[in-house]
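A short write-up of the structure that comes next.
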Amino acid sequence: MSDELNKNVPEKESENPQTPEVKNPETTAEPVENKEETSQVAEVKEEKTEEATSEEVKNEFLKPVKARHISSVSEEMENYNKKVDAFNVEYKQSRRINIILLIVVAIIFIGSVALSSVIGNAYIFILIGGVVLYFVLTTVFSKKNQKKITAKANEILNDYFSFTDSYAYDDEAFSDVVFDYNVKLDPSYLLSLDIFKDVDSVAGRDLVKGKLLGIDFLAGDGSIKTKEVNEKGKNILALVFYGKAVFLEKSYINDGRLVVYLKGKGNDAPTNVEGLEVVNTPLSERFVVYSEKGNEKILNKKVCTAIEKMEINDNLYDFFLVFNNQRTIFLFSYSDEMMVISVDHHLEEKLVEQYPSDARKMVEIVKALEAK
C-alpha cells in the first residue's frame, strides 16, 4: 500500500503492502480485496512464481513483532477504541485547519486582484510575492501535519495487529509466534493450493510465523482471483478466496490431494478437481470431500468430530481444509467487516472473536490428526 492499496486490488500485486499516506482515515489500511466486489473487468495476465521455502519466507520479515499474552480482551479493545477516537478528533481538526488556510489564500489572492487597480501595478508584485510566500508556508505546514497524522495512523495499525494477531495465537498450542503486517505471505504459497482453476493473481498482508503443536506454520491475510469469461465473452477476474490462510508444514498424506470444503455462502467451491472424486466420509452433508488415492482414510471419526465444529456464519463465508504431499492448509474466507481495517472504526467484539475462535477449532483438528 505504498501508493494506497485500494479496495480494487491491482491485477498483479508483487510488492509488499505498505502503510499508505493518510488522506482519509477510511483508506488507511485497505484490505487485500473486497468480498462484495466479486468480479471486475481486467486484461488477463499470467503470473509465474517459484516455490518459496520456509527459510526464504522467514527472512522476509521487516520488523517482526513477537506475539504477547492478552490478559483482558475487553481492556485491549477499550484502549484501542480510545486511541481511534483521539486520532479522529486530531484528524478532523487537521482537515479544518487545512481548509481554513486554503480559504485565507483564496481571500488574499482575490483581494490582491481587486486592489491592483487602486494601489497600482508597482505594489501588485509585492502582494503576489506575499501570496506565494504564504502559500509555500501553508503547504509546508500541511505536509508536516500530514506526516504527523500518518505516523499516528501507523501507530494505531501497529496496535491493531499487535492485539488481534497476539489474541488469535494466544493458546498453549502455539509457540514462537511472530508477525509483521507490512509483509505478505509469498505468492507461491497461495498459488500452490491447487484448488482453483486459472488463478490470475494473489495478494496479501500480515505475515505470521510460528509453531503449532511444535509444527512450523506460516499464515497471513490473502486473496485469490481467477480468470473467467462472462456472458458477454469478456475476460473478468473473479474473487474466489478472501480471508486468512494457515500453512502447516506437515503432510498427513503420502501422495495426491484431499480437499474438505464446508459449504459456504458464496460460489467459492473448489474448481480444480481434476483427478479427484467426491467421496463419503463420517462428515455431515454440510461438507463436500474431494479425494484421490484413498486419502479420505485419514478422516477418521475423531478428525471428523473436530472438523464438524467449524460453522459458517455472517463472518465466516467459506472454509477449506486442503491436504497435499507438502503441507496441510486451512483457509478461512471472511466478510469485509472482518478484513477491512479502518482507523475511524471501533473494534467490535464479534469480529475480534471470530478468527481466534476458528483458530482454536483448527488446533483441535490438528490435535486429532496428530493422534492418528
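The values are calculated or read from the model by the stated rules, or taken from the named source; none is laboratory data. All of these numbers come straight from a predicted model, not from anything done at the bench. Glycine gets a Cβ as well: all are built from the backbone with ideal geometry, and neighbour counts include every protein chain shown.
Does segment 205-223 contain at least one residue that is closer than 26 Å to GLU348 by Cα and of a type in the set (Phe, Trp, Tyr)?
no
Please pick out the residue among ALA359, ALA306 that is in contact (Cβ under 8 Å) with a residue 60 or more places away in the chain, of a type in the set (A, V, I, L, M, F, W, C) and either over 27 Å from ASP216 (Cβ atoms) or surrounded by fewer than 21 Cβ atoms within 10 Å (Cβ to Cβ) (or both).
ALA306
Can you go through LEU190, LEU207 and tell me which one is buried (at least 17 other Cβ atoms within 10 Å of the Cβ), in contact with a strand residue (DSSP E or B) (Cβ under 6 Å, 6 or more places away or on another chain), assigned to a helix (DSSP H, G or I) and in the same structural domain as LEU347 (by TED's automatic domain parsing)?
Working: LEU207 fails: assigned to a helix (DSSP H, G or I).
Exactly one residue qualifies, and that residue is LEU190.
Here is a list: ASP165, ASP170, ASP206, ASP159. Which entry is in contact with a Pro (Cβ under 8 Å, 6 or more places away or on another chain) and within 24 Å of MET77 (Cα to Cα)?
Exactly one of ASP165, ASP170, ASP206, ASP159 is in contact with a Pro (Cβ under 8 Å, 6 or more places away or on another chain) and within 24 Å of MET77 (Cα to Cα), namely ASP170.
Does ASN300 satisfy the condition of being touching a Leu at 6+ places or on another chain (Cβ under 9 Å) and not basic (Lys, Arg)?
No, not satisfied.
Which ones in segment 219-265 are exposed (fewer than 15 other Cβ atoms within 10 Å of the Cβ) and either modelled with pLDDT of 90 or more or not in a strand (DSSP E or B) (or both)?
Listed by number, the residues that qualify are ASN230, GLU231, LYS232, GLY233, LYS234, SER251, ASN254, ASP255, LYS263, LYS265.
For residues in segment 276-291 being in a strand (DSSP E or B) and over 31 Å from the mean Cα position of the chain (by Cα), which is nearest to ALA306 (Cα to Cα)?
Top of the filtered list is VAL278.
What pairs can you find where one residue is in segment 173-197 and more than 19 Å from PHE323 (Cβ to Cβ), the other is in a helix (DSSP H, G or I), and their Cβ atoms are less than 6 Å apart, with a gap of 6+ or different chains?
Here the result reads ALA173/VAL363; PHE179/ASP165; TYR181/PHE161; ASP186/VAL57, each pair linking segment 173-197 to a residue that is in a helix (DSSP H, G or I).
Tell me the residue from LEU262, LEU299, LEU283, LEU276 that is hydrophobic (A, V, I, L, M, F, W, C) and under 30 Å from PHE161 (Cβ atoms), please.
On the way: LEU299 fails: under 30 Å from PHE161 (Cβ atoms); LEU283 fails: under 30 Å from PHE161 (Cβ atoms); LEU276 fails: under 30 Å from PHE161 (Cβ atoms).
On inspection, the qualifying residue turns out to be LEU262.
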